[in-house]
1. How about segment 1-80: which strands (runs of 3 or more DSSP E) wholly inside it have at least 1 residues that are among the hydroxyl-bearing types (Ser, Thr, Tyr)?
2. Within segment 1-30, how many residues are touching a Phe, Trp or Tyr at 6+ places or on another chain (Cβ under 9 Å) and not aromatic (Phe, Trp, Tyr)?
3. Yes or no: segment 6-29 includes at least one residue that is modelled with pLDDT under 90 and either closer than 28 Å to ILE135 by Cβ or hydroxyl-bearing (Ser, Thr, Tyr) (or both).
4. What number of residues in segment 78-106 are surrounded by 15 or more Cβ atoms within 10 Å (Cβ to Cβ) and at pLDDT 90 or above?
Amino acid sequence: MEKSSLFNIPFVGLKLGKHFFSFSIDNTFFTDFEYNEFHNAQIDAELVLLKENTFLELSFKAKGFVTVSCDVSTELFDQPIDSQFELLVKFGEVVDTGSDEILIVPVGTYQIDVAQYFYEMIVLAVPTKRVHPGIADGTLKSEIVEKLKSLEPKINSLQGQVDPRWDKLNDLL
């Protein structure tokens, strides 16, 4: 895995205060992490670094879209991404804080690699179940969707009710 040094932020030479960094993330960023769930990606990412004497405060933002396959119809669609993340970087003896929002780095550190944080933030912003928006509003025309509709449980014409074997499953909801 060879990540770009573009995401290494050298903070030693920066003055105290806020500093702004912007990145354009495409699909090659995710292939560097050997992540191939996205067919395409166009994301504008921003990092605001607030430098203080004893700590750094990093504010990550990502906005754009990734092209993914629908879990129902296997059709490709653009999943919007709009995510934020805050990270506090402290200097000292490296210990496990048990927190995802606090990072402790050794005192001599002069730069921080933010690629992993952008990667995790974007991947976690995508829903675990990816459903094409056309399925919800009924505009998607697909063989798979039509087949699934034909296999839905039908109302029993003899009794005017749903097959009773499905009633127990409705109780789970």
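1. On the way: elements: 8-10, 17-26, 40-51, 55-69.
The strands (runs of 3 or more DSSP E) meeting that bar are 17-26, 55-69.
2. Here the count works out to 11.
3. no
4. 8
The values are calculated or read from the model by the stated rules, or taken from the named source; none is laboratory data. Just so we're clear, the structure is a prediction, and the values are computed from it rather than from any experiment. Here the Cβ is made from the backbone with ideal geometry for all residues, glycine too, and neighbour counts use every protein chain on show.
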